[in-house]
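J.: Can you read through this structure? Questions will come right after.
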Amino acid sequence: MDVRLSDDQELLRRSIREFAESELRPHVMEWDEAQQYPRALLAKCAELGLMGIQFPEQYGGAAMSSVDYCICIEELARVDPSVCLSIAAHNGLGASHIAMFGTEEQKQTYLVPLATGQQLAAWGLTEASAGSDAVSMRTAAVRDGDHWIINGTKQFITHGGTGDVIVVMAVTNKSKGSRGISAFIVERGTPGFRAGKKENKLGMRASETSEVLFEQCRVPAAQMLGAEGQGFVNALQVLDAGRIGIAALSVGLAQGAYEAARAYAFERKQFGQPIGTFQSIRAKLVDNATRIDAARLLTYRAAAMKDEGHRTTLEAAMAKLYSSEIAVRAAEDGVQIHGGYGFVKDYPAEKYFRDVKLTTIGEGTSEIQRLVIARQLMAV
Ligand SMILES: Cc1cc2nc3c(=O)[nH]c(=O)nc-3n(C[C@H](O)[C@H](O)[C@H](O)COP(=O)(O)OP(=O)(O)OC[C@H]3O[C@@H](n4cnc5c(N)ncnc54)[C@H](O)[C@@H]3O)c2cc1C
């Protein structure tokens with residue numbers, strides 16, 4: 001067992017870190033205030049392969065491994081967790097669902113422009129009254145000749161207002177429960193498909209989140225994604241992989257919050273000495289550094305298992321649960337170490353603190369991760 005990254009992976013980390021420091025760091029607060037994903041960044045991200053990190057080269061992707069994916073996501077989140085959330089949702093949900101379950105024609109038509117950064121993907125599972133219990137969704141699709149007609153409203157959709165393509169889950173046979181839900185690819189501009197309310201969020205503000213409405217939206221049958229009735233089952237597999245991405249995002253965010261706190265601790269003096277020399281401040285830094293390392297190892301384990309072709313339901317849920325919860329702790333300690341300066345926008349601590357809470361909620365809350373883990377560990 002070798003827990004060290006390869007030379008190529010260290011090089012990848014350095015190049016994404018340089019990109020994040022030069023292209024993201026100067027704009028973090030401006031994008032947070034604007035509450036809009038910086039669309040101009042898509043082309044720059046695409047140059048580094050960040051819009052199609054794990055997809056095969058034949059579809060315009062960078063064909064990186066799942067461990068490489070974690071490195072990219074970590075380095076982006078270390079600087080700007082909200083821009084990173086957009087890239088993770090694009091790669092890990094919408095585009096990934098098409099890459100995993102699309103036909104060759106669907107991949108050529110939809111995955112190529114997504115993986116090359118010409119288009120942005122959205123993924124619609126959640127509804128106002130169907131969050132953790134997504135199977136109780138009401139959005140439904142009814143067959144009409146060689147089309148499906150979709151009606152319903154999706155809630156909290158990343159890129160719901162700006163994504164070019166959405167993968168949407170809808171009930172096609174209510175009597176079959178979770179096996180009566182199908183997935184569809186819908187393009188922006190399709191009559192009957194529009195964005196609703198844009199959310200005004202606590203954090204992750206540069207990543208746009210909106211309601212999405214389908215009103216008598218006619219979609220050709222060829223745009224069903226995966227087999228009829230398999231949409232929810234496939235979505236769970238998409239989430240297994242997506243959760244490794246949110247775990248990596250949490251690790252990167254925690255690392256950024258920790259580094260900012262450590263730097264501040266040796267810059268700020270009280271009682272005639274840097275606060276970083278006080279034992280209680282050092283203990284916070286040491287405990288966070290240790291927890292971040294543990295979270296990173298859990299995340300890389302899940303990613304390495306995925307690379308080896310194993311099922312990772314258990315490992316991905318453990319990585320997501322632990323990494324997100326220790327990230328909340330790291331961001332909170334970051335504010336505490338900054339004292340009053342952690343409460344104002346002149347320092348990065350407050351933004352990590354606002355952004356981090358999404359990690360214990362999105363792609364399945366901590367409570368749901370514990371349910372998933374319990375189901376894997378215990379028969380009853
Ligand atoms: C910024 C942002 C971006 C998002 N992006 C997307 C997206 O792109 N696509 C998408 O489909 N969704 C997206 N979501 C939705 C997200 O996945 C849901 O918010 C999440 O799954 C929780 O659902 P909910 O908000 O309805 O909470 P609820 O399910 O109502 O949960 C409320 C509370 O009850 C707890 N709870 C629920 N059921 C149980 C149970 N059985 N046992 C114990 N506790 C339970 C939850 O853990 C939580 O603490 C996004 C959300 C946010 C905030």
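The values are calculated or read from the model by the stated rules, or taken from the named source; none is laboratory data. This one's a predicted model, so the numbers in the text were calculated from it and none came from an experiment. Backbone-built Cβ (ideal geometry, glycine too); neighbour counts: all protein chains shown. Side chains included, ligands, DNA and RNA excluded: accessible areas come from the protein's heavy atoms. Shrake-Rupley method; radii C 1.70, N 1.55, O 1.52, S 1.80 Å.
J.: Any residue at all in region 341-360 that is touching a Leu at 6+ places or on another chain (Cβ under 9 Å), of a type in the set (A, V, I, L, M, F, W, C) and within 16 Å of the ligand (Cβ to nearest atom)?
T.: Of all residues in region 341-360, those touching a Leu at 6+ places or on another chain (Cβ under 9 Å) come to 352, 354-360.
If we keep only those that are of a type in the set (A, V, I, L, M, F, W, C) as well, we get 356, 358.
From the residues that got through so far, the ones that are within 16 Å of the ligand (Cβ to nearest atom) too are 356, 358.
Checking region 341-360: at least one residue is touching a Leu at 6+ places or on another chain (Cβ under 9 Å), of a type in the set (A, V, I, L, M, F, W, C) and within 16 Å of the ligand (Cβ to nearest atom).
J.: Would you please list the contacts, defined by Cβ atoms under 9 Å and residues six or more apart or on different chains, that run from a residue in region 48-60 that is at pLDDT 95 or above to a residue that is assigned to a helix (DSSP H, G or I) and aromatic (Phe, Trp, Tyr)?
T.: As it stands, the answer is LEU48/PHE19; LEU50/PHE19; GLY52/TYR59; ILE53/TYR69; GLN54/TYR69, since those pairs meet every condition given.
J.: Name the single residue that is nearest to the ligand (Cβ to nearest atom) among those in region 118-136 being outside any strand (DSSP E or B) and open to solvent by less than 10 Å² (accessible area, probe 1.4 Å).
T.: That would be ALA134.
J.: Follow-up. Looking at VAL142, VAL83, VAL67, VAL112, which one is in a helix (DSSP H, G or I) and either aromatic (Phe, Trp, Tyr) or surrounded by fewer than 21 Cβ atoms within 10 Å (Cβ to Cβ) (or both)?
T.: VAL112
J.: Looking at region 355-367, I want the residues that are more than 9 Å from ALA327 (Cβ to Cβ) and have a partner that is open to solvent by 30 Å² or more (accessible area, probe 1.4 Å) with Cβ atoms under 8 Å, at least 6 apart or on another chain. Which pairs are those?
T.: Hits for this filter: LYS357/LEU202; LYS357/VAL328; GLY364/SER132; THR365/SER132; SER366/GLU325; GLU367/SER132.
J.: Residues that are surrounded by 15 or more Cβ atoms within 10 Å (Cβ to Cβ) and more than 23 Å from the chain's Cα centre (by Cα): does region 194-208 have at least one?
T.: no
J.: For region 145-165, which positions are near the ligand (Cβ under 9 Å from one of its atoms) and part of a strand (DSSP E or B)?
T.: LYS154, GLN155, PHE156, ILE157, THR158
J.: So THR312 passes all but one of these: (1) within 16 Å of the ligand (Cβ to nearest atom); (2) in contact with a Lys or Arg (Cβ under 7 Å, 6 or more places away or on another chain). Which condition number does it fail?
T.: Every condition holds for THR312 apart from (1).
J.: For residues that are in contact with an Asp or Glu (Cβ under 9 Å, 6 or more places away or on another chain), outside any helix (DSSP H, G or I) and among the aromatic types (Phe, Trp, Tyr), tally how many sit in region 333-353.
T.: Number of matching residues: 1.
J.: Right, another one. Quick one: how many residues across region 279-300 are open to solvent by 60 Å² or more (accessible area, probe 1.4 Å), over 23 Å from GLU315 (Cα atoms) and not charged (D, E, K, R)?
T.: The total comes to 3.
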